[in-house]
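One structure below.
The values are calculated or read from the model by the stated rules, or taken from the named source; none is laboratory data. None of these values were measured; they are calculated from a predicted model. FYI the Cβ positions are ideal-geometry reconstructions off the backbone, even for glycines, and counts take in every protein chain you see. Side chains included, ligands, DNA and RNA excluded: accessible areas come from the protein's heavy atoms. Shrake-Rupley method; radii C 1.70, N 1.55, O 1.52, S 1.80 Å.
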Amino acid sequence: MTSTWYDAVVVGAGFGGLATALELTQRGAHVALCESLNYPGGCASTFRRHGYSFESGATLFSGLAGEQLFGRWVRQLGLDVTVDWLDPLVELRTPGMRLSVYRDRQRLLDQLCTLPGAPADALRDFFTLQQKVAGALWPLFDDPTLLPPLDVRALLRHASCAMRYTPLVRWMGRPLGTVLERLGLLRFTPLRTYLDALCQITVQCAATEAEAPFALAAMDYYWRGTGHVRGGIGRLASALAGAVTSGGGEVHFANRVKSLEPMPGGWRVSSRRGELLARHVVANVLPQGLMRLLGLPPERLPSHLRELAGRVAEGWGAVMLYLVVRAPGETSASAHHLELVQNEQAPFVEGNHLFASLSGEADTGRAPPGHRTLTVSTHVSLRSLTGRTEEEQARLVSTIQERMRQGLRRLAPEWMAEVRHEMTASPRTFERFTQREAGAVGGVPRRAGLYHYRTLRPRPVMDGLWLVGDSVFPGQSTLATALGGVRTAACISRG
């Protein structure tokens, strides 16, 4: 690879990087996208080992409806992607409860209201508030032009919706626990369990400490174009990478970027295959990864980058099980998802809370006939790993993985009757699979505080250097990281 000037070099083909590269190519920019792995998607990828295909992380994906970002791309670009609309989307299981989340929000509320001792009126009030908050925020995800940077049309749209934003203002900077307490729902265990489980995988913290508007909006995740990409989410990532190439951009897999160096007029990007020169660099990495690529002493790094890295370090690593299991005789043919909680009173981490994604019969090639692949994840605090020796970390991870197996056998025994193959992953292994520093997942935990609203507009880390991904606004989902990439591309295009 010779030294060539690009309008932008994008580092990392996660969904934030893919979206940035695609949007820039559609705006006529000369773009190169460099990815360390030989496949795209990052944390939301599909990888192949030992003849089986697994989702890197256990999760669901939104934004797939026809009017949403991914759905529009599939339709407008003619991407070879098939979406299966699951119903129910997920089943929450505890030792004493099973709660199915269907595509109809009212069915979830009805299930909660019929549970013993349910405060039905308070539950209805809570879901009414939740729907108002989500109704104010989700249109921003459906139309990326409503996110900063804003043009006159967007400003007029926001002005016309001013009254819709009123519920947000009241709860900004306050935890969801305050909302629950005000409505008398703090001690209604079924709702608390559902919210703790949901918040742990969306806003990355317990419900009682989550920033209320973020958590209330995240509750709509299941009802906003959420589905299953047939064959694995990697199919969508590969299709988007192909669209970048078709649009005139370059995509370089297995081309790890080693360093970034500012130079007159732009940046020097040193990669495994050679040097690239760019007016802008967009890094789809964690802030820790960007700091490593810059190679500067701490005192020369931007303070806000160091602060952001500190917030990510307060978050989570992924401990994983990747299984190939025989499908039970009575099970549905579709892909589906399980959320398992062994003890509702204990923290929803370290094997007590599991999220499991199972492939479907239509996901051909991922497992032998009659079998499914099963990706199971749980969180471990990154701080709990810091300072431990490799041997101590391995013992902790092994203990967590055995707790995960116990949870599966206890709460999903039908899927554990015949395990054909198992792979395990620690945060260190997850880092190899996804190139995430320290195996971190989920970005910044969205605990209550007004600091979340300080950086709603994309802004460069340094002149011509941008950061996208789940550690920066708008946040922590595949859709959110892609939207952040689209808006960053808009800022770059504005000059």
Accessible surface, the chain, averaged per residue in Å² (probe 1.4 Å): 40 Å²
The chain: calculated mean residue ellipticity at 222 nm from DSSP helix runs of at least 4, using -39500 (n - 2.57): -11000 deg cm²/dmol
Values of log10 I(q)/I(0), in the order q = 0.05, 0.06, 0.08, 0.11 Å⁻¹, for the chain under a Debye, Cα-only, solvent-free model: -0.18, -0.26, -0.46, -0.92
Distant-in-sequence amide H partners of residue 39 (H built 1.01 Å from N, under 5 Å): 254
The stretch 267-310: trypsin sites (Lys or Arg not before Pro) in DSSP coil with no more than 15 other Cβ atoms inside 10 Å: 272, 273
Two-site label geometry, residue 346 and residue 75: point separation in nm, points 7 Å out along Cα→Cβ: 4.7 nm
The chain - percent of accessible surface contributed by carbon and sulfur, probe 1.4 Å: 50 percent
Segments 160-172, 84-96 sorted - mean Cβ within 10 Å per residue, highest first: 84-96, 160-172
Relative contact order of the stretch 154-279, pairs being alpha-carbon contacts under 8 Å that are 6 or more residues apart, as %: 14 percent
Percent antiparallel among DSSP beta bridges (both partners in the chain, rounded to 5): 75 percent
Long-range amide H partners of residue 336 with built H, under 5 Å: 358
Alpha-carbon spread of the stretch 391-439, three principal axes, descending order, Å: 35, 22, 16
Mean Cβ neighbour count within 10 Å, used as a protection proxy, ranking 473-483, 98-108, 352-362 highest first: 473-483, 352-362, 98-108
Long-range amide H partners of residue 421 with built H, under 5 Å: 324
Gyration tensor verdict on the stretch 205-351 (Cα atoms; rounded if a/c is under 1.5, prolate if a/b is larger than b/c, oblate otherwise): oblate
Mean separation of Cα contacts under 8 Å, 6 or more apart, over the residue count of the chain: relative contact order %: 26 percent
Zero-based 10 Å bins, Cα pair distances in the stretch 81-167, whole percents: 14, 31, 27, 22, 6, 0
